[in-house]
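The values are calculated or read from the model by the stated rules, or taken from the named source; none is laboratory data. Source: prediction; values computed, not measured. When we count neighbours, we look across all protein chains shown, and the Cβ atoms used for this are built from the backbone with ideal geometry, even at glycine.
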C-alpha cells in the first residue's frame, strides 16, 4: 500500500503518502470513524479506503479540508458515506474540477507517470453532501460516540473554504493546507495571503499538542508557531511544491 499510519493519540491517526507528501487522517470513536481527506484520484482513494478498513470496521464519515484535487478526488472510494465540507467547498469543486484534472493529468503524463495520469483523467469527483460552517469561526461538532470531532472554518486562507478538524480530547488538530511541514505554505490563485495568519491564529486558540498539516509530518505547537510567525510577516508566498 502507498502510505503508512502514524498513531497520534488513542484512536487518532495520520496517514503519510509519498505522492505530494500528502497527509490524511483517521479519527475513531466508539460508534463511528471520521476520515479526513480522500487523496487525489479513484485509485488513490481506494488505497486509502482499504487502509482505513484494515484499521476499523466502524461506519464512516468523511471530512474534506478543501477542494484541491489531491485532498478530495478520491471520495468515490467511500460510496454512501456522508461527506462534510465547508459550505463553499462543493461549489468550488464543481467549478474547478475539470481544469484541475486536465492540468494535473498533463503534469503526471509529462513526467512519465502514465498510471497516475490515466487514473486522474478517469476520475469524476464526488461533491460533498454535508455543507457546514458557513461563517469564519463557525464550528460543527460530529459525535463519533464517546468522542467529538469539531469541524472548524477559520476563515479564508489557503482557499476561501478551508476546513480544519479538532479532536479536543486527544489534543490533535488537522489543519489541512493552512499548515505545511517541510516547506512554506503554498498560495495559489484562490488563496487569501493577507488573511492566512488570522485563520491560523483562530486554529491556534484551540488546545492542541499535535498539528497535522496537509502536507508533511505532524508538527509540534512550537513548529506551528514558527510557521504562523512566517505567515504573519508575509503578504504572499512562493509556491513550495507543485500542488493544487
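Couple of notes before you dig in:
- Residue 238 vs. criteria at pLDDT 95 or above and either out of contact with any helix residue (DSSP H, G or I) (no Cβ under 7 Å at 6 or more places or on another chain) or surrounded by fewer than 19 Cβ atoms within 10 Å (Cβ to Cβ) (or both): no
- Residue ID - nearest to residue 160 (Cα to Cα), chosen from residues in region 88-112 that are over 20 Å from the mean Cα position of the chain (by Cα) and surrounded by 20 or more Cβ atoms within 10 Å (Cβ to Cβ): 105
- All conditions but one from (1) under 20 Å from residue 186 (Cα atoms); (2) over 15 Å from the mean Cα position of the chain (by Cα) apply to residue 39; the one that does not is (2).
- Hits in region 90-143 (condition: in contact with a strand residue (DSSP E or B) (Cβ under 6 Å, 6 or more places away or on another chain) and in contact (Cβ under 8 Å) with a residue 60 or more places away in the chain): 128, 142
- Remark: residue 42 falls outside the filter, which requires a residue to be in contact (Cβ under 8 Å) with a residue 40 or more places away in the chain, in contact with a helix residue (DSSP H, G or I) (Cβ under 7 Å, 6 or more places away or on another chain), buried (at least 19 other Cβ atoms within 10 Å of the Cβ) and at positive phi.
- Scanning region 69-102 for residues that are touching a helix residue (DSSP H, G or I) at 6+ places or on another chain (Cβ under 9 Å) and part of a loop (DSSP other than H, G, I, E, B) yields a count of 4.
- Region 5-22, subset closer than 16 Å to residue 71 by Cα and in contact (Cβ under 8 Å) with a residue 40 or more places away in the chain, residue surrounded by the fewest Cβ atoms within 10 Å (Cβ to Cβ): 19
- Single residue of region 122-131 satisfying the filter (surrounded by fewer than 16 Cβ atoms within 10 Å (Cβ to Cβ) and within 21 Å of the chain's Cα centre (by Cα)) that is nearest to residue 43 (Cα to Cα): 124
- Within region 184-215, considering residues that are surrounded by fewer than 19 Cβ atoms within 10 Å (Cβ to Cβ) and touching a strand residue (DSSP E or B) at 6+ places or on another chain (Cβ under 8 Å), the one nearest to residue 149 (Cα to Cα): 206
- Selection within region 23-34: residues that are in contact with a helix residue (DSSP H, G or I) (Cβ under 9 Å, 6 or more places away or on another chain) and under 23 Å from residue 185 (Cα atoms). The member of this set that is surrounded by the fewest Cβ atoms within 10 Å (Cβ to Cβ) is 26.
- Residues satisfying the stated conditions in region 4-28, i.e. assigned to a helix (DSSP H, G or I) and under 14 Å from residue 213 (Cα atoms): 20, 21
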